[in-house]
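All remarks here apply to the structure that follows.
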Amino acid sequence: MSAAHPDRPTLRRELLAARRAFAASPAFQTAQAALLPQLHALLAQLEPELLGVYWPLPGEFDVGALPYARALPFARREPAEMVFRRWDGAEPDAQDECGIATASGAVAVPDVVLVPCVGFTREGFRLGYGGGYFDRWLAAHPGATAIGVAWSGAETHFAVEAHDRALTLILTERDLIAPD
């Protein structure tokens with residue numbers, strides 16, 4: 001890879017370190033407050049029947065309570081796959097095989113999915129945590145509207161790989177990005 005495109009593990013570490021610093025700053029709450037009404041307005045336009053959300057890891061945007069039927073991802077390590085399980089909005093009562101909070105409801109397929117981004121490109125590609133779970137799910141569900149949720153400071157550049165799936169939209173506290 002060229003110097004302009006650091007390898008993904010290095011880029012991921014750099015972005016996560018920057019996100020930890022951002023999350024510890026006063027700007028974090030301001031960004032959270034700015035992104036929330038934009039998300040509500042976007043979802044009001046999309047009117048999802050079932051919204052795939054995520055339980056936020058430290059520094060991620062917290063989608064909070066939303067007036068839609070929701071589902072949380074459940075990731076399995078072997079075979080590496082992800083499904084969504086219906087969620088009632090209460091504190092999650094289970095963890096998936098990656099240790100992330102999830103629901104124990106019935107497996108379901110959301111029509112709109114919020115996808116947390118460690119990093120993203122203007123072209124609509126996401127850098128996640130490295131497991132490929134969302135890319136595999138999106139490849140298997142091409143009709144789903146995938147909205148990347150990211151902080152504007154996570155915009156970056158990286159070489160797109162064959163398994164990468166472009167997101168439909170990316171929402172930050174500053175922008176709604178609609179890749180070509």
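The values are calculated or read from the model by the stated rules, or taken from the named source; none is laboratory data. Here the structure is a predicted model, which means the values were calculated and not measured. Every residue, glycine among them, receives a Cβ derived from its backbone with ideal geometry; neighbour counts consider all protein chains shown. To get the accessible areas, we keep the full protein, side chains included, count just its heavy atoms, and leave off ligands, DNA and RNA. Shrake-Rupley method; radii C 1.70, N 1.55, O 1.52, S 1.80 Å.
Among the residues of region 109-135, write down those that are surrounded by fewer than 21 Cβ atoms within 10 Å (Cβ to Cβ), more than 23 Å from D180 (Cβ to Cβ) and touching a residue at least 60 places away in the same chain (Cβ under 8 Å).
Y129, G130
Has region 43-51 got at least one residue that is open to solvent by 40 Å² or more (accessible area, probe 1.4 Å), within 28 Å of A21 (Cα to Cα), touching a strand residue (DSSP E or B) at 6+ places or on another chain (Cβ under 7 Å) and not in a strand (DSSP E or B)?
Here is the first cut: in region 43-51, the residues open to solvent by 40 Å² or more (accessible area, probe 1.4 Å) are 44-47, 49.
From the residues that got through so far, the ones that are within 28 Å of A21 (Cα to Cα) too are none.
No, that holds for no residue.
Does E155 satisfy the condition of being open to solvent by 60 Å² or more (accessible area, probe 1.4 Å), of a type in the set (D, E) and without any contact (Cβ under 8 Å) to a residue 12 or more places away in the chain? Walk me through it before giving the result.
On the way: open to solvent by 60 Å² or more (accessible area, probe 1.4 Å): yes; of a type in the set (D, E): yes; without any contact (Cβ under 8 Å) to a residue 12 or more places away in the chain: no.
So E155 fails the test.
Taking L39 and the conditions (1) in a helix (DSSP H, G or I); (2) touching a helix residue (DSSP H, G or I) at 6+ places or on another chain (Cβ under 8 Å); (3) of a type in the set (A, V, I, L, M, F, W, C); (4) within 25 Å of V107 (Cα to Cα), which numbered condition does it fall short on, given that it satisfies the others?
L39 satisfies all of (1) in a helix (DSSP H, G or I); (2) touching a helix residue (DSSP H, G or I) at 6+ places or on another chain (Cβ under 8 Å); (3) of a type in the set (A, V, I, L, M, F, W, C); (4) within 25 Å of V107 (Cα to Cα) except (2).
Can you find even one residue in region 19-41 that is in contact with a strand residue (DSSP E or B) (Cβ under 8 Å, 6 or more places away or on another chain), open to solvent by 20 Å² or more (accessible area, probe 1.4 Å) and of a type in the set (A, V, I, L, M, F, W, C)?
At the first step, the residues of region 19-41 found to be in contact with a strand residue (DSSP E or B) (Cβ under 8 Å, 6 or more places away or on another chain) are 35, 38-39.
Next, only the ones that are open to solvent by 20 Å² or more (accessible area, probe 1.4 Å) stay: 38.
With of a type in the set (A, V, I, L, M, F, W, C) added as a condition, the list becomes none.
No - not one qualifying residue is present in region 19-41.
Can you name the residue in region 97-120 that is out of contact with any Phe, Trp or Tyr (no Cβ under 7 Å at 6 or more places or on another chain) and at pLDDT below 95 and is also farthest from A21 (Cα to Cα) among such residues?
The selected residue is S104.
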